[in-house]
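Reviewing the structure listed below.
The values are calculated or read from the model by the stated rules, or taken from the named source; none is laboratory data. Only a predicted model underlies this, so the values are computations on that prediction, with no experimental measurement involved. Positions of Cβ are generated from backbone atoms using ideal geometry, with glycine treated the same way; all protein chains shown enter the neighbour counts. These accessible areas exclude ligands, DNA and RNA; they are computed on the full protein's heavy atoms, side chains included. Shrake-Rupley method; radii C 1.70, N 1.55, O 1.52, S 1.80 Å.
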Amino acid sequence: MPVKILADSACDLPLRFYEEHNVTLIPLKVHVNDKEYEDVKTIDPKTVYEAIRGGIVPKTSQASPLLFEEIFTQMAENNEDGIYIAFSSELSGTYSTAVMILDQVKEKYPNFNLTIVDTKCASLGQGLVVKEAAKLSEKNVSKEEILKDIQSRSKHMEHLFTVEDLDYLAKGGRVSKASAFLGGLLNIKPILNVEDGKLVPIEKLRGKKKVFRRIIELMQERGSDMHEQIIGISHADNEETALEVKAMIEEAIQPKEFYISSIGSAIGSHTGAGTIAIFFLNQT
C-alpha cells in the first residue's frame, strides 16, 4: 500500500491536486466578515483579496484539532502508513496541534505509523515539497526514502517574495508603520525571505522591475542546478505580473519547468493582494 501523504492548505496547491493525487487536505480556517471558511474547500482566494481591497482585514486560525483526530483515527483503523507535510511551526500552531493529536491517537493505536514533518516552509515552497512527495508515493517509494526527500527539499527551499503594499505587512507587525508609510511614498518594495521558518525582510528597493531583477540575481547566487529545477511562482490575484516574472526568469536562467499557483486564502490574508513569490532549491 502506498504511503499516504497529508498536507495542509498553507502549501497553496489547488483542490484538484489533492483529488488527482489522493493527498489528504487539512484546511486552515479563514475568517472574513464574521464568517468562518475552510481554506481551499469553501472559500476562493479572490474573495479574500476583494475583501482586503475593500479595507477588511481577514483573520486566520489553525486547522481543526477535531479534523486531525478524525483523519488520524481513520488512518490508524485502516493500518495506513502516512506522512503529514506541515506548514512552518514558526508561522502557525497547526504543526504542534497535529503532534498533540497524534500522541492522543497513538494511546489507542500504538502501532499507528504516521510521521509529521515541520517543513519550516510556506506557500508554494511547502507545495513543491508536497508535490514531489505525492509523486514518490504514487511510485510506491518507501516511507524512509520519501521522508529523506521531504527533509532535504524543506531544508534547501528558498522563498523570495515581494508585496504590493507595505501597509499590509505593517498591520501584521512584519514591518514598522513608519517604514510602510515611507515605502508607500517612495514606491519602495521589500524583498522578503523565509529563514528557518520565519519571515525575514532582506532588502528594500525602489520600483517593481528593480525588485524582480534583484530576485533573479539572488536566484543565480543561491540556486543549485537551476536548469534542472522546477521553479515555483505564486501570486496574490496578480497573474499578469507572475507571467512577466516567469518570462524574466526564463530568459536569465532557463529552468527545467515552472509551476504557477495562486496564493491561497490563508496565506493571502497575511501577505495582502498583489504579492509575488518565487521558490527554488538552494545549494547551501
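Near the amide H of TYR259, within less than 5 Å, lie the amide hydrogens of ILE231, GLY232, ILE233, all on another chain or at least 5 residues away, with H placed in the peptide plane. Around GLN104, what is the net charge, scoring Lys/Arg as +1 and Asp/Glu as -1 over all other residues with Cβ under 14 Å from its Cβ? Summing Lys and Arg as +1 and Asp and Glu as -1 gives -2. Highest mean first, the peptides 124-131, 251-258, 236-243 sorted by other C-beta atoms within 10 Å per residue fall in the order 124-131, 236-243, 251-258. For region 225-270, carbon and sulfur atoms together expose 45% of the accessible surface, with a 1.4 angstrom probe and every protein chain in place.
Other residues with beta-carbon under 14 Å from the beta-carbon of LYS155 carry, at +1 per Lys or Arg and -1 per Asp or Glu, a net charge of -2. GNM on the chain, alpha-carbon springs under 10 angstrom: the most fluctuating residue among SER261, SER152, SER89 is SER152.
For volume of the Cα convex hull per residue in Å³, the value calculated from this model appears in (1) 122; (2) 225; (3) 141 under label (1). Taking amide H atoms as placed 1.01 Å from N in the peptide plane, the amide H of LYS4 lies under 5 Å from those of ASP81, GLY82, ILE83, each 5 or more residues away in sequence or on another chain. Solvent-accessible area assigned to carbon and sulfur over region 88-169 amounts to 45 percent, based on a 1.4 Å probe. Between PRO201, PRO190, PRO110, the residue with the greatest mean-square fluctuation in the GNM of the chain (Cα pairs under 10 Å linked by springs) is PRO110.
Mean residue ellipticity, 222 nm, helices only, the chain: the sum of -39500 (n - 2.57) across DSSP H runs of n ≥ 4, divided by residue count and rounded to 500, is -13500 deg cm²/dmol. For trypsin sites (Lys or Arg not before Pro), the sites in region 32-72 that DSSP calls loop and that have at most 12 other Cβ atoms within 10 Å are LYS41. In the context of the full set of protein chains, the chain has a per residue accessible area of 47 Å² (1.4 Å probe). Out of the total accessible area of region 1-60 (probe 1.4 Å, heavy atoms of protein only), what percent is carbon and sulfur? Carbon with sulfur: 47 percent of the solvent-accessible area.
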